[in-house]
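Note sheet for the following structure.
The values are calculated or read from the model by the stated rules, or taken from the named source; none is laboratory data. Just so you know, these numbers come straight off a predicted model, no measurement behind them. Counting neighbours? That spans all protein chains shown, and the Cβs are built from the backbone with ideal geometry, glycine included.
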Amino acid sequence: MKKRSVQLILTIFITILLITAVSASIKSNKKTYHTKESVYVLSTVGVNDNLCRSQNPPEKVKIHIVEHKQNWNNGDPFEDVRGEPNEIPNSKFSNTKIWNNPQTGTYDLIVDCNENQAYDESSEPIYNEGFSIIPKKGQGSMTAGHKNPQDFEWQYDPETPILSKEIFQIKLLAIDEDIQLENISLEIKSPQKTTNIEIYFDSNNNGILDTNDKLITKKESAKKSEIISLDHKIRQDIDENFLFVFNNNENTPNGKYSIKILSITGTGTLSEKNIGFFGNPLESNTMNVVDKKSCLGETILELTPNPITSNEEVIAKITGLTGCDDKKIRLKSNECFVATGDIKECTLKSNTCEIKIEGIGGKYFACIDKNDDDNYNGFGESTSVDLKLKEIKEEPENKEIDTTNKESSKITGNVIGNLDMNNPLLIILEITLLLILILLILIFYKTLKPKTIESIQDEKEDDSDLFEEIKEEPKEKKDKKDTKEDSKKK
């Protein structure tokens, strides 16, 4: 009886194992991968078998890539390093990709049959040996930058001294991994024994030294052949540009300057292997240093006369410069940078020149290329003056008003003769004065003695006696008055 019971238990246990047990039949197709490769897995179960066995096996199951452990114990939790697992067929299959761009490390594969994210040693296949991801040794490339300067001249300008000048822009690219730069080997072509050179990270890739550009290294008195240490990391798969700058000064000798990059080396941040950049050598264009600028000062333009009448002759005189003899001055009606509007030219002698023109009201511009760079953007290279027209006073249209003004001024003794008679208030004032004058005349005649018919006739006969009679009449009145006063006294 006991034997039968034991046999029954064993039969049931074996049946359960047959239903749920799985052999370790999932594995990666390689034991070692590079970081730029993809990870593939395959199943080695029988044609009619399943990875996860049950009475109703699913068509697909989830496979996890987890950090490698030397020994997995029943119930050990795990977490997929990718964040989410893959689904794979729950049967026999050949190479199937499960991971792109893997990260360096050692990993195991677990098929989570009961989806509890814990290892069940009785039911879940595991490939204990796992697989490894090793970094692929990177590569570096160098090319001339898109904003690389062409051949150019450099001139020391005491008015606006710009000493740092870009000579070369290069583009570096790190492939497969970041690269920590270590050194650069240069040849410097120069008429002097040593040259001051600086290398900047061109942060905005514009080929111009800006305030945001990072100084990588500076070599004062660099010899014609130099190996210069670098400390900068090139990010993977990102084009990064660098500027090579000559730091000039007032005494930089005349002549041609250039650089040649023989090699650049670094270390892969993942592979930790030495990496040399291909694309070498690279050679810059030429900087030609010429004599320092001698034409100095700020252009002054004088227009005489100013203001003018229309089409009057005007003399444009240019002054304010030194060391500029034999340079041309352009007189324009437009801004100096505009191609049109040229009027006349003159050549400076003793740092001045004059131009005669037929004056037209408006703005005039004087332009001189002091540093021979084919523009007028430099200090003191352009100026402007307004030429104004004189104001013309119009004569009054109503001549009758002027005549009245003259006649009335005679009557009033020029009291307001010079004032504007178009003003109504002044006209009223003039009329008032006339009325007052008439009133005074009337009052004067009323004070005279009434005249007889005979005296009137006498006046007609001799008008010249009128004034005398008028003068004598007050005397007679005075005599009568004196007689009356004498009678009273008596």
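Among what's in the range 285-320 and is of a type in the set (Ser, Thr, Tyr) and in a loop (DSSP other than H, G, I, E, B), pick the residue that is nearest to Leu348 (Cα to Cα). Per the criteria, the residue is Ser294. The residue that is surrounded by the fewest Cβ atoms within 10 Å (Cβ to Cβ), counting only those in the range 121-176 that are outside any strand (DSSP E or B) and among the basic types (Lys, Arg), is Lys147.
Only one residue in Gly279, Gly323, Gly268 is touching a Cys at 6+ places or on another chain (Cβ under 8 Å) and among the small types (Gly, Ala, Ser). Which one? Of Gly279, Gly323, Gly268, the one residue that is touching a Cys at 6+ places or on another chain (Cβ under 8 Å) and among the small types (Gly, Ala, Ser) is Gly323.
Scanning the range 158-193 for residues that are polar (S, T, N, Q) and within 29 Å of the chain's Cα centre (by Cα) turns up Thr160, Ser164, Gln169.
Entry remark, the range 321-334: residues being part of a strand (DSSP E or B), surrounded by 18 or more Cβ atoms within 10 Å (Cβ to Cβ) and not basic (Lys, Arg) number 3 in total. Within the range 99-119, the set of residues being without any contact (Cβ under 8 Å) to a residue 60 or more places away in the chain and buried (at least 16 other Cβ atoms within 10 Å of the Cβ) comprises Tyr107, Asp108, Ile110, Asp112, Tyr119. What is the residue count in the range 318-334 for residues that are within 35 Å of the chain's Cα centre (by Cα) and either within 26 Å of Tyr156 (Cβ to Cβ) or touching a residue at least 40 places away in the same chain (Cβ under 8 Å) (or both)? Residues in the range 318-334 being within 35 Å of the chain's Cα centre (by Cα) and either within 26 Å of Tyr156 (Cβ to Cβ) or touching a residue at least 40 places away in the same chain (Cβ under 8 Å) (or both): 11 in total. Scoring Thr309 on the criteria (1) farther than 16 Å from Glu381 by Cα; (2) β-branched (Val, Ile, Thr); (3) surrounded by 13 or more Cβ atoms within 10 Å (Cβ to Cβ) leaves a single failure, condition (3). Determine the pairs where a residue that is free of Cβ contacts under 8 Å to residues at least 60 places away in the same chain and more than 13 Å from Thr252 (Cα to Cα), located within the range 280-302, has a partner that is among the charged types (D, E, K, R) and part of a strand (DSSP E or B) with Cβ atoms under 6 Å apart, the partner being 6 or more residues away or on another chain. Qualifying pairs under 6 Å: Pro281/Lys260; Glu283/Lys260.
When residues in the range 251-274 are screened for being surrounded by fewer than 17 Cβ atoms within 10 Å (Cβ to Cβ) and under 20 Å from His34 (Cα atoms), 3 of them pass. Among the residues of the range 177-189, the one identified as crowded, with 22+ Cβ neighbours inside 10 Å and not aliphatic (A, V, I, L, M) is Glu177. State whether one or more residues within the range 229-243 are within 19 Å of Ser284 (Cα to Cα), assigned to a strand (DSSP E or B), in the same structural domain as Asn274 (by TED's automatic domain parsing) and more than 24 Å from the chain's Cα centre (by Cα). No. Does Val45 qualify as being in contact with a strand residue (DSSP E or B) (Cβ under 9 Å, 6 or more places away or on another chain) and at pLDDT 90 or above? Here the answer is no, as Val45 does not meet what is asked. Please go through the range 357-393 and pick out each residue that is of a type in the set (Ser, Thr, Tyr) and in contact with a Cys (Cβ under 8 Å, 6 or more places away or on another chain). Those that are of a type in the set (Ser, Thr, Tyr) and in contact with a Cys (Cβ under 8 Å, 6 or more places away or on another chain): Tyr376, Ser382. Across the range 335-369, the qualifying residues are those that are in contact with a Phe, Trp or Tyr (Cβ under 8 Å, 6 or more places away or on another chain) and closer than 29 Å to Phe152 by Cα, and the one among them that is surrounded by the fewest Cβ atoms within 10 Å (Cβ to Cβ) is Phe337.
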